[in-house]
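The values are calculated or read from the model by the stated rules, or taken from the named source; none is laboratory data. Predicted, not measured: the structure shown is a model, and the values here were computed from it. A quick note on method: Cβ atoms are made from the backbone with ideal geometry, for glycine too, and the neighbour counts reach across all protein chains shown. Surface areas here come from the heavy atoms of the whole protein model, side chains and all, with no ligands, DNA or RNA. Shrake-Rupley method; radii C 1.70, N 1.55, O 1.52, S 1.80 Å.
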Amino acid sequence: MTLIDGKAVSAQIKQEIAAEVEQIVAAGGKRPHLAAILVGHDGGSETYVANKVKACEACGFKSSLIRYEADITEDELLAKVEELNQDADVDGFIVQLPLPKHISEQKVIEAIDYRKDVDGFHPINVGRLVIGLPCYVSATPNGIIELLRRYNIKTSGKKCVVLGRSNIVGKPMATLMMQKANPGDATVTVCHSHSKDLKKECQEADIIIAAIGKPNFVTADMVKEGAVVIDVGTTRIPDATKKSGFRLNGDVKFDEVAPKCSFITPVPGGVGPMTIVSLMKNTLLAGKKAIYQ
Ligand code: GUN
């Protein structure tokens, strides 16, 4: 069994990005600039955004954090999005989700200029992904593809089960795994809350990508000997022994599943660090105007 070290891979990629940024700047180019809008004080979002700002520093990017209280109106937020769309110094930006209930996330996502949508959530980027055109790809699925690539995991012709069908992870993940590409070229099944025989689907899978947000959902009896298991789960479980007061729990019952696997990602230290580094890669692409002018 090989433990996939997302922390080490992400550290290496950040170094690669930082080296490229210094080359760009030394040649008189512009330092990439990522802006992030954070609304309210959701604990998870605070941590994610703080980590994104930290990653920008490690990559040599400029970053701007724009904060609003949870009572900001939808119109005020949309006005800020439009301002960032027009700001030539900002190469890419994100609006951290979830947003308060009185704001339409879809409306906000669609207001972002797709050329600056480094989250890859805008329908133009999603549509381009589906038909295999250059675009910004959602960070978590792209990070998983990068792990599969760097660990030389064969995906062509393999049976891949994706657990979960969210717009951010499950759907783009399934799209990438079925794409005519390497990694890709897999036979993909997407399972969700209405799937009839999810356990049997998993038992037949060469690759399981679990993104349902249910701690310890994937158990040893669901996993074929030699399978590759990728755990996207990050449920916060209260834990008084931790400084933060919680620990992260994956969707996979790691201790019993790991011995059966050829490759498995831990939680934390697997997919999580790759998600942030994928956003950094998209920001570098945005800074270079590599996808859109
Ligand atoms: N909330 C959870 N994941 C993400 C993400 O990748 N981007 C944004 N903007 N919000 C999120």
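Summary table below
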read-out	value
Residue-wise HN-Hα coupling along the range 97-102, computed from phi with Karplus coefficients 6.51, -1.76, 1.60 (Hz; x: Gly, Pro)	9, x, 9, x, 4, 7
Placed amide H near residue 218: partners under 5 Å, 5+ positions off or other chain	252, 253
Alpha-carbon Rg/Rh ratio, for the range 228-268, with Rh computed the Kirkwood way	1.05
Cα-Cα P(r), the range 1-81, percent of pairs per 5 Å interval	3, 12, 18, 17, 16, 12, 11, 8, 2, 1, 0
On Cα atoms only, tilt of 6-26 relative to the major axis of the chain in degrees	30
Rounded to 10°, Cα long-axis angle of helix 74-86 versus longest principal axis of the chain	80
Förster radius 30 Å - calculated FRET efficiency between residue 235 and residue 199, Cβ distance, rounded to 0.05	0.90
J(HN,Hα) series, the range 206-211, from Karplus relation 6.51 cos²θ - 1.76 cosθ + 1.60, nearest Hz, glycine and proline x	7, 9, 10, 10, 9, 9
Shape parameters for the range 89-210, alpha-carbon atoms, Rg then Dmax in Å	15.6, 51
Of all DSSP beta bridges in the chain, antiparallel share, percent nearest 5	10
Exposed-site-free run, longest, the chain (rule: GluC sites (Glu not before Pro); DSSP loop; at most 15 other C-beta within 10 Å)	70-203
Sulfur and carbon atoms: percent of accessible area, the chain [1.4 Å]	53
Label-point gap, in nm, between residue 51 and residue 71 - each point 7 angstrom along Cα→Cβ	3.2
Karplus-derived HN-Hα couplings along the range 241-257 (A = 6.51, B = -1.76, C = 1.60, θ = phi - 60°), whole Hz, x at Gly and Pro	7, 9, 4, 6, x, 8, 10, 8, 10, x, 7, 10, 6, 4, 4, 8, 7
Surface accessible to a 1.4 Å probe, per residue, for the residues of the chain, Å²	47
Rg ratio (alpha-carbon, reference 2.2 N^0.38 Å) - the range 206-293	1.34
Tilt relative to the chain, helix 271-287 - C-alpha long axis, 0 to 90 degrees, to 10	40
Dipole magnitude of the chain about its Cα centre (Cβ charges: Lys, Arg +1; Asp, Glu -1), debye to nearest 20	760
Debye intensity ratio in log₁₀ form over the Cα atoms of the range 4-157, taken at each q of 0.14, 0.15, 0.17 Å⁻¹	-0.81, -0.92, -1.15
Counted charge near residue 289, where neighbours are those whose Cβ lies closer than 10 Å (Asp, Glu -1; Lys, Arg +1)	+2
Descending principal axes extents, the chain, alpha-carbon based, whole Å	52, 42, 38
Over the chain: helical MRE at 222 nm, DSSP H runs n ≥ 4 each giving -39500 (n - 2.57), nearest 500	-12000 deg cm²/dmol
Amide H contacts of residue 235 (H built 1.01 Å from N, under 5 Å, at least 5 apart or other chain)	249
